[in-house]
Each structure stands twice: as structure tokens, then as C-alpha cells.
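Trainee: There's a structure below that I have some questions on.
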Amino acid sequence: MLFELNLCRDLVRLLGHASSDYMVVSTCRRIHGHSQVTLQAGEAAALTGRATVTVTMGTAWLSGKVLAPGASASLSADAKFGGPLHIEALPDQQQVPLAATGCVKLDIESTADDHLEGSQADGRSYKVQLVPSVQMASRRYPQHWLQATEDIVQSGREGGSPSVAVVGSKGVGKSTLARLLVNSLLEVSPVVAFLDTDSGQSELTVPGLVSLTLLDKPLFGPAHMHMQQPTKSHFIGDLSPQSNPLHYLSSIRSLHEWYWNHSGTTKDGETVRPPLVINTHGWIKGLGFELLAQVLESTCPSHVLQLDTNNANSSLPPCVWWLPEDVQSHQRPAVYQLPSVGAVQQGMGNDVQDSPVSSWAPRQPPSEQRALQWLAFARQCTGHHLNSCSWELPAFATAADDLACSPPYRVPVSHFNVIFHEASIAAPQVLQALSGSLVALTKAAGDALAGNKHAGAAATTAVSECLGIGIVRSVDPVKQLLYILTPTPFELLQQATTLEVGKLELPLALLQTSTFLSPYISVWSITADGTGAGVMKARNTLLRNRLKPKQ
């Protein structure tokens, strides 16, 4: 049996071409598939695509990362999702590009496997455009962001281990600021811990997880460009913690406890922990507000960067709103109230926002961003490197074919406990429910799940370690076998004792090919594509006819 697939018509709009080709001006010279770029004072190179950049002269600055002469960086940038990466000239001994002076020379080379897909007609896998100094002021990170980041980095230089939480509502730039913090802190620490508490728009993993990752390399580009195996993770099984908030909070406390107990190194008899960056969800109303307060209280950050919008209803309260007033001042974190991406864009003007080299690419719907993360996950399952992928519609069809044809792992279902987060499935129907599902391969916490062996029991609040995510491509009900596709390393798979099924689903574009068809898409109701039963969503913004003002 092969994994059957279905088409997502909505992604046709998602994956169209983002912008016109970039121009290469006279100071950018192409030689045998790579380019040599010279940046004068205040200039920058806006790069999109995939390339390896080497600084041959001077010092460059890239999203918080300082590139000294001889340093190289493998870059991936998406013009539509995240915008181009700006490589700026940086004078010696300057840590942020506020008044860049000097000359920088770059060697930009296509990645080794770019002939597979996404290459330009001249063999390059990237496009580069020089941005004049007069235009760079509106394309840099906001001055307030850079200053707050420099204050935190300075505390790291002085021997501290800053713990920084980035908070704010949806679409304010939390992920962008978190990446800037990680890259900047890597300048003063060999490792930075990244605690991702946003299960709906994860930065380093597929959606549906909360994770802790020890990073030793900078993060460039949007989330689907740098997905990786986390150091520790827990399966939430949903895009929102609303369905099981206790499990969500227990998972975050478990990750922070692991960071506190296991991430440090001993130096002169003292434990030195790496800096911690905490990425939070953007649900700041009702239960989401209470959960965010609990996350901040549990993780005890030393700095909080709060991104505020121009609309008070979409902003968090000022100051240390999550702690009681009787908490002593020395125990309170430093809070920076910073402008959001939307507030920055309002001061730019339409010409800058629409520019193909603007740092602030138009925000895409979260569902489209998640679709690209699942596409990257599918390519990992079939052994492809993330950076060798174009994000156009044919890439989904190619990935779907690869999923249907790649050899899976074969494992007896009796090897696992099977837990369903949102349903209770009768034992005879467990195999049918698993077929075609996204599952978490987890290691049970103690004996909390004992006795539920492939009985389809509903999940408890016990926190189990997630080792990876897999696709049950097919099942053999006669031999009681599961066929699972997963990018999880084999040594971790051998530790898995439980399969957990949540409400996660692959995009429909990955569930159909021209050859293989699926008899059903999911055990859950169809809510958007096709017809069928679905949960009605409240539309509180619509006025009833009787309440509309009379003309």
C-alpha cells in the first residue's frame, strides 16, 4: 500500500512568483556561477535565493551576525516569505550598522546542488541587488530593536546569561526579533538556547510542538528555511494550547527545567548556562493572556522585549504586568516596549514596503507559512536538503510523489502505545485511524501511559518527550504493521514507545499525486476544503440586520 494524496487548490495562490528579477549593477561581477560584490560606505547587498557568502575584505553585518574577513555563511532567503537578506558594510569595532563606513568585498557562490531545481538560466541559485546608502535607512531593523539587542548582548559580554522573552500580539515581528537576538548573542556565546512556546507558528520545528534547541549557528530567513531536530521537545498536537492548557504549561515548565539543569557547563566551580531566547505565542486575549502570563512567570526572564502596535486593543499592558505588585524590584525583569513591524511599516511609505529589496516582506497568512513548513518536513522525510527546494506549486507535487515512493520504516503496531489527543478510538479501529495520519513518536514519561497499549485512549496531562514527527503512510491490518515516514534519526526512533495523534494535518497538496489517490483525508471533520461537517466559527465582527444603522 502506498500513501495516498490530495490537491490543495488554495496553494495555487500561495505559490505564485513573488517579484520580478533583481538587477545586478556594475559593482557586482559574475564569474562562472558566482558573483563578486563590492559594497561602499552605507551600501548593502539584498540577496534572495540560496548561496554561500564569503567576506574577502572588510567586515559585514547580517541580521545580527558579524562576518569578519574570511568568514562564510550559507544563506537562504525567500523574496515572498520573509524578504531578502541584507548584507551591510560594517566598520571595524562596530556591532550594529548605524553609520556604516568602509569597503566590503563579498564572494557569493551558488550551493552545490542547485542544478536540481530553482536555478537561474545562468546557473545561479540566487539573485542579488545593491541597495544604495540613501535607501538603507528604511530597510534596517528599527533603531529601538538594535539598541535593546545591544543592551542584552552587553550583559552577556559582562559574564551574565541573559534570558530574553519576546512577547506581543500576532504579526508584530516576534520571530524576526527573536532571530536577531539569537544571531547577536552568538557573537558573545558559542551556544544560545531557543525556547519555542508557539505551537501554531514554530520557528525551528513543524507546528504542534513546543521545543528547546541549543543553537550554535545563526538563523537566517523564515522558519521553513532552517527547520531542525530540537534538543528537547513535547507534542502539543494542536496549533493552539486552548484544548489542553495544562499539558501546554507542563510541557513548557519541563523544557525550562531541562535548560536549567542540563544546558550549563562548569567553569571555575560554577555552572554557566547559555543565553536563553523565549519565543511566545501571539494569543493575548482571554485564556491566551493567562497562559502567556504563566509562561513568563515560569521561565523568569531577565529581559522582556514587548512589541506594541498603534492599536491599544492589540497591545499588552505596560510594565511587568504578569507579576504581583509585591514582588521586589530586584526580581523584576527589564522590560523594553518596542515598536512592532506594523508600526515601523507605517512610517516607511508604500514605495518602500512594495520594494523587492525591502526587509519587511508582506506578511503571509499563517496557514500558508505552515504549508511551507510541512513542505520542508516532507522533503526531510524523503532525504532532501531544505536549501535545495524552490517554493513554487510544482514543489508540492514533487514532494507528494516522493512521499508516495520513498521506502518507509516498517514496525509492528504492538511496539507502541497509541494515544489520541482529541478522541477516544475503539481498539478495532485504531489502525484505520492511524492510516495517513501525522503522529508524534514519543518516549513515555514513566508509567503514566502504561495500560493504554494501542487502545486508542485519550491523552492525559503526562509530559512525554517527543522524539520526532512521522507520517503513517499505510498500515497492514493482517500482519498488524505500520509503515512510517519520518526524518527522525534512527537512534532516536529506537527509543520511541508511544504514537500520539493530535489535530495536525498535512496540506492537501501533499496528499495527492497524479498517480496515487487517498480514500479519505483525515479522521477529523473537513472545515475548509471540500464539503462536510465542520465547527462553526463565531463572527462577532458582523452586525445583525436589525442592528445595522438605518440609511
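Trainee: Can you name every residue in region 268-318 that is open to solvent by less than 10 Å² (accessible area, probe 1.4 Å), polar (S, T, N, Q) and not in a helix (DSSP H, G or I)?
Mentor: Selection gives Asn279, Thr280, Gln306.
Trainee: Then there's this: Yes or no: region 15-31 includes at least one residue that is at pLDDT 85 or above and of a type outside the set (Phe, Trp, Tyr).
Mentor: Within region 15-31, not a single residue is at pLDDT 85 or above and of a type outside the set (Phe, Trp, Tyr).
Trainee: Inside region 253-277, can you point out the residues that are in contact with a helix residue (DSSP H, G or I) (Cβ under 6 Å, 6 or more places away or on another chain) and closer than 19 Å to Lys174 by Cβ?
Mentor: Across region 253-277, the qualifying residues are His256, Pro275, Val277.
Trainee: Run Ala444 past the list (1) surrounded by fewer than 19 Cβ atoms within 10 Å (Cβ to Cβ); (2) modelled with pLDDT under 85; (3) among the aliphatic types (A, V, I, L, M); (4) over 21 Å from Gly49 (Cβ atoms) and report the number of the one that doesn't hold.
Mentor: (1)
Trainee: For region 74-87, enumerate the residues that are within 11 Å of Leu47 (Cα to Cα), at pLDDT 80 or above and not aliphatic (A, V, I, L, M).
Mentor: Of everything in region 74-87, those that are within 11 Å of Leu47 (Cα to Cα), at pLDDT 80 or above and not aliphatic (A, V, I, L, M) turn out to be Ser76, Pro84, His86.
Trainee: Within region 158-177, how many residues are in contact with a helix residue (DSSP H, G or I) (Cβ under 8 Å, 6 or more places away or on another chain) and part of a helix (DSSP H, G or I)?
Mentor: Residues that pass the stated criteria total 3.
Trainee: While we're looking at this one, here's another question. Can you work out which of the residues in region 319-340 that are under 23 Å from the mean Cα position of the chain (by Cα) and more than 18 Å from Ser163 (Cα to Cα) is most open to solvent (accessible area, probe 1.4 Å)?
Mentor: Pro339
Trainee: Just the residues that are under 30 Å from Trp61 (Cα atoms) and in a strand (DSSP E or B), please, taken from region 215-253.
Mentor: Leu215
Trainee: Take the residues in region 457-491 that are in contact with a helix residue (DSSP H, G or I) (Cβ under 6 Å, 6 or more places away or on another chain) and over 29 Å from Thr382 (Cβ atoms); name whichever of them is modelled with the lowest pLDDT.
Mentor: Going through the qualifying residues, I end up with Thr461.
Yes/no per residue for (1) assigned to a helix (DSSP H, G or I); (2) surrounded by 18 or more Cβ atoms within 10 Å (Cβ to Cβ); (3) modelled with pLDDT of 85 or more; (4) basic (Lys, Arg):
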| site | (1), (2), (3), (4) |
| --- | --- |
| Gln380 | yes, yes, yes, no |
| Trp391 | no, yes, no, no |
| Phe396 | yes, yes, yes, no |
| Asp401 | yes, no, yes, no |
| Arg410 | no, no, yes, yes |
| Ser414 | yes, no, yes, no |
| Val418 | no, yes, yes, no |
| Glu422 | no, no, no, no |
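The values are calculated or read from the model by the stated rules, or taken from the named source; none is laboratory data. As the structure is a prediction and not an experimental result, all values here were calculated from the model. Glycine also receives a Cβ, built like all others from the backbone with ideal geometry; neighbour counts cover every protein chain displayed. In case anyone asks, the SASA skips ligands and DNA or RNA and just uses the protein heavy atoms, side chains included. Shrake-Rupley method; radii C 1.70, N 1.55, O 1.52, S 1.80 Å.
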